[in-house]
Amino acid sequence: MTQGTTVPSAVRGSPRDTEAVLAIRWVAPEEDGRLTAIGPGATLLGRDPDCAGALPSTEISRKHAEIRWIGAIPMLRDLDSTNGVFLNGQRLSTQAPLRARDVVRLGDWVGVVTSVRRDAPGAWAFEEIIPGYWGGAVLLEAFAAARKLAASDLPIVIQGETGAGKEGAARAIHDWSGRRGRFVGLNCAALPETLAEGELFGYRKGAFTGADRANTGHLRAAEGGTLFLDEIADLPLPVQAKLLRAIEEREVVPLGETTPVRIDVRLLAASQGPLLKAVDEKRFRGDLYARLQGFALAIPPLRDRIEEVPFLFRKLLARAAGGGGAPRLDPLLVEKLCAHGWPFNVRELALLARRLAVLHPGVAMLDAAMWSEPPAAPPSRPAEEAPRPGADVDADAFLAALRANQGNVKSTAAALGISRGRAYRLMEQLDALDLDEIRKPAPGPSSRPGPTEPGDQ
């Protein structure tokens, strides 16, 4: 499948078969994000133009690898390629099931298995949402509803892990809103409890010991604009009560004053975890939660949009390199970037880009050896995102896999992700199974490539 085409309707690939399909998003060496759909039959990957995934490179064999469905599970196998097939950094010896966000490398081509909507175009969407804040299809889809709501005064709660980009999302909503006032960000977790009320609502000079000058407070500083309250669950409970009143009445009473001051402020709040959990734990007021929960925007962690990592890293690297230009990325480094778990999300990725830019200035290419930390273990994936190996294996699927492995029961069980005991139970369901017949080489041309042609790799 080439860039700009649509996903064939016959392709299968997720439990919600009518909504999404599996495909491989190629993230290196090209930067166009081309897509190869995993078709219903055999999907060939290789240098040959007739392959579904045609990957031009001298490091790619003409027919390098094949993806074939066994039951509801797509299986990847090497077609005796010269340079091998790598799945999540490990070279394939036989075949293995594919799941969403697996990392595939063939020669110098690196791809990420991804789930795409059937009706979505194959063209790659990666754009600068606001200056300095980039995102691809996953992030843009998460923002779709928030963008529609931006011009309203509806409060929005932004939820995401540390470093995922919650403040960037808040700034984007402020930009889309068209509000003429300032964007003001406040980290509630960094506010001392004794100063939280004054910092939020303001105070007059002399209102308390140490108040040697008046302070307008963050709410009034954001007049006509947007106030972003990061880690809002860390606000002291008494201040939460006063914030609720300020939101309801659209006015604040600074410390030391008696006259309310009218305000026109759009409120955005953020939390690492669900605010409702903080309500259950009595750390957050339920009435304030009800008032803030106009809309919930969930920022996907970087591990859930791993296909965006190489593109985002290049942008961050270019910014870190300044006017000198960013170096190219070796495919092995791209593979390593995609296999990393990124527990600290974009913040961690940005720090790595800065470090490599400082340590290796002026190099033409960054390679994997320049990043000393070993990649974290691949993160766990929710079961609904991709078929669990072995979950949907029936007798017919087992028989197809058994034939593909030339009657080797151990290899078949390992490839399908099932126990050997279950493999034998499935064999009992097959009538007149003849292992000797299955182990015979298939007559005629095989699906594997023949002798190496001139110029083949």
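Read the figures in this text as sums done on the coordinates, not as results from a lab. This is a predicted model, so every value here is computed, not measured. Note that we place each Cβ from the backbone using ideal geometry, even for glycine, and neighbour counts take in every protein chain shown.
If I histogram all Cα-Cα distances within the range 126-298 using bins 5 Å wide from 0, what percent of pairs lands in each bin?
Taking all Cα pairs of the range 126-298, the binned fractions are 1, 8, 17, 21, 20, 14, 9, 5, 2, 1, 0 percent.
Quick query: amide H of residue 129 versus all other amide H atoms, modeled in the peptide plane; which residues come in under 5 Å with a sequence gap of 5 or more or a different chain?
134, 135
Sort the following peptides by mean Cβ neighbour count (other Cβ atoms within 10 Å, averaged over residues), highest first: 224-237, 290-303.
224-237, 290-303
For a quick check: with amide H placed at 1.01 Å from N, whose amide H comes under 5 Å from residue 83's, ignoring anything fewer than 5 positions away on the same chain?
Distant-sequence amide H within range of residue 83: 61.
May I ask you to derive the FRET efficiency for residue 348 and residue 433 from their Cβ-Cβ distance with R0 = 51 Å, giving the value to the nearest 0.05?
Plugging the Cβ-Cβ distance into 1/(1 + (r/R0)^6) gives 0.50.
Can you compute the modelled spin-label distance between residue 293 and residue 241, with each label point 7 Å from Cα toward Cβ, in nm?
Placing both labels 7 Å beyond Cα along the Cβ direction yields 2.2 nm.
From the backbone phi of the range 166-182, what are the Karplus-calculated ³J(HN,Hα) couplings (6.51 cos²θ - 1.76 cosθ + 1.60, θ = phi - 60°) in whole Hz, Gly and Pro given as x?
Couplings: 5, 5, x, 5, 5, 5, 5, 4, 4, 4, 5, 5, x, 5, 8, x, 7 Hz.
Starting at the first residue of the range 328-336, write each ³J(HN,Hα) from the Karplus equation 6.51 cos²θ - 1.76 cosθ + 1.60 with θ = phi - 60°, in whole Hz, x for Gly and Pro.
For the range 328-336, the Karplus curve yields 6, 10, 5, x, 5, 5, 4, 4, 5 Hz.
Of all beta bridges DSSP finds with both residues in the range 20-117, what is the antiparallel percent, to the nearest 5?
95
Relative to the present Cα-Cα distance, how much length would full extension add between residue 147 and residue 214 at 0.36 nm per residue of separation?
Stretched out fully, the residue 147 to residue 214 stretch lengthens by 20.5 nm.
Using alpha carbons only, how many angstrom separate the centre of the range 51-72 from the centre of the range 128-162?
36
For the range 126-298, give the magnitude of the charge dipole about the Cα centre (Cβ charges: +1 Lys/Arg, -1 Asp/Glu; no others), in debye to the nearest 20.
That gives a dipole near 420 debye.
Whole-Å semi-axes of the range 20-117's equivalent ellipsoid, largest first, each the root of 5 times a Cα gyration tensor eigenvalue?
That gives 18, 15, 13 Å for the three semi-axes.
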